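S.K.: If you scroll down you'll find the structure; I have some questions about it.
Rule-based calculations on the coordinates, nothing more; no lab input. This structure is a prediction, so every number in the text was calculated from the model and none was measured. Cβ placement follows ideal geometry from the backbone for every residue including glycine, while neighbour counts extend to all protein chains displayed.
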Amino acid sequence: MQTSFFRLALVLGLMSCVGPFAIDMYLPALPFIGADVGASDMAVQGTISAYFLAFGVAQLVYGPWADQAGRKPPLYAGLGIFFIGTIICAFSPSIGVLIAGRFVQGLGGAAVMVVPRAIIRDTATGHEATRLMAAIMLVISVSPMLAPLAGSAVLALADWRWIFGVLALATFAALAMLRFMLSETLTDANRQHFSFSDTLRGTRRLFTDRKFMLLTLLGGFAMSSFFVFIAAGPFVYTQSFGLTPTGFSIAFAVNAIGFFAASQMAASAGMRFGAVAVARGASFGFVLVTGALFALSLAGYANLAVTVAGLFCANAFLGLVIPTVMVLALDDVGDIAGLASSLGGTVQMLIGGALSGMAMPFFDGTPGPMIGAIFLCAALAALCAALTAKGQAATARS
């Protein structure tokens, strides 16, 4: 019996929250972790980079595995690995061990990013898939609002290590949902026997697919803005704006509201104006808002209110971009959806990790460098959107 739309969206969304919670929940603790383990701000930021690096590379494994064995076995394995990494983080005696634990977390967390996207492709296509993706993102988007607040609540009662204890409990809850609430969506007839040569052939096909690559890069550059904010935001909001961990969590939640509210309009906007037009228009809106915010920061006007308001508007445009391009990228490659999802996710994570890593030496606790790096991500995303639209027009004429 096919899983209902609501149940599927709820289960996939809650399960997918495990990865974002691993990032967002401990953001308020970043300034305290360095003091506790005797590490610099840049070393503490390295715990984020390690997570994203492993998160990106591991997706190359989960996608083909999900095409071969079904969707549920890779999810079981990924959540198990994530739990092991969480325990390492909770008991880490040094920043080096913490970075290693975050790397292991990323290796497991990748499963709940790539496999749900393949499940969506199993059950829906076109605007219905965008509607399902947006519904899942509605659940996921609650994470940036609740996770930092939950982290702040833990910090008020205990030290930062207990945040990972809460994450361990969340992992058990995700495993229970996987076991009792999610049915296998890949039929035996559609499963593919793993073949290294077939994987190489599929990878070559995807890398030479202009539409797939441009949409993947567009999504990668757009998501990179999140990575930049995650790496720099806690220090900017606490050091430059003087917010407490709870204050930072509230400001972070306000930024997230713009994203999830707009994401719910992605499907209807795509049906009315066309998905490519929505992705292009929202990408251009994203670069205009971040460019204006960067100009204000250079002029010395990027105070707390201006920064929060500007990022709220920018994230609203991202709420239209990201679910739309995720669906568009997989539309024409349904026969290798797992591989395409994993390869696309890997490229996007590596782009995000590389851009945030290159920007990290410029982060000094003030808003200017962070906003400038976000603007660069937006400009690169807008360029990909323009090239995608150009290719779509050329295809329509031919």
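S.K.: Hull surface divided by four, with the convex hull built on the Cα atoms of the chain: how many nm²? It would help to have the intermediate numbers written out before the result.
M.R.: Numbers: hull surface 73.3 nm².
Convex hull of Cα atoms, orientation-averaged projection: 18.3 nm².
S.K.: Can you give me the distance in nm between label points at Arg7 and Met271, each placed 7 Å from the Cα along the Cα-to-Cβ direction?
M.R.: Here the answer is 2.4 nm between the modelled labels.
S.K.: Turning to a different aspect of this structure: Students often check this: by mean Cβ neighbours within 10 Å, which of 380-388, 178-186 ranks highest, and how do the rest follow? Before the final figure, lay out the partial values.
M.R.: Numbers: 380-388: 21.9, 178-186: 15.3.
Ranking, from highest mean packing down: 380-388, 178-186.
S.K.: Students often check this: by mean Cβ neighbours within 10 Å, which of 363-372, 92-101 ranks highest, and how do the rest follow?
M.R.: By packing density, highest mean first, the sequence is 363-372, 92-101.
S.K.: Tell me, how many Å apart are the Cα centres for the range 143-176 and for the range 5-74?
M.R.: Cα centres, the range 143-176 to the range 5-74: 13 Å.
S.K.: Contour minus end-to-end for Ser183 and Asp364, with contour as 0.36 nm per residue of separation and end-to-end as the Cα-Cα distance?
M.R.: Numbers: separation 181, 0.36 × 181 = 65.16 nm, distance 4.78 nm.
Extending this stretch completely gives an extra 60.4 nm.
S.K.: In nm, to one decimal, how far is the Leu387 label point from the Leu157 one, both placed 7 Å along Cα→Cβ?
M.R.: Roughly 4.9 nm, to one decimal.
S.K.: A further question on this structure: Test of understanding: what is the full-extension gain from Val254 to Gln239, defined as 0.36 nm times their sequence separation minus their Cα-Cα distance?
M.R.: The span from Val254 to Gln239 would gain 3.5 nm if fully extended.
S.K.: Hand me the chymotrypsin sites (Phe, Trp or Tyr not before Pro) from the range 52-110 located in a DSSP loop with no more than 12 other Cβ atoms within 10 Å, in residue order please.
M.R.: When the chymotrypsin sites (Phe, Trp or Tyr not before Pro) of the range 52-110 are filtered for loop state and at most 12 Cβ neighbours within 10 Å, Phe91 remain.
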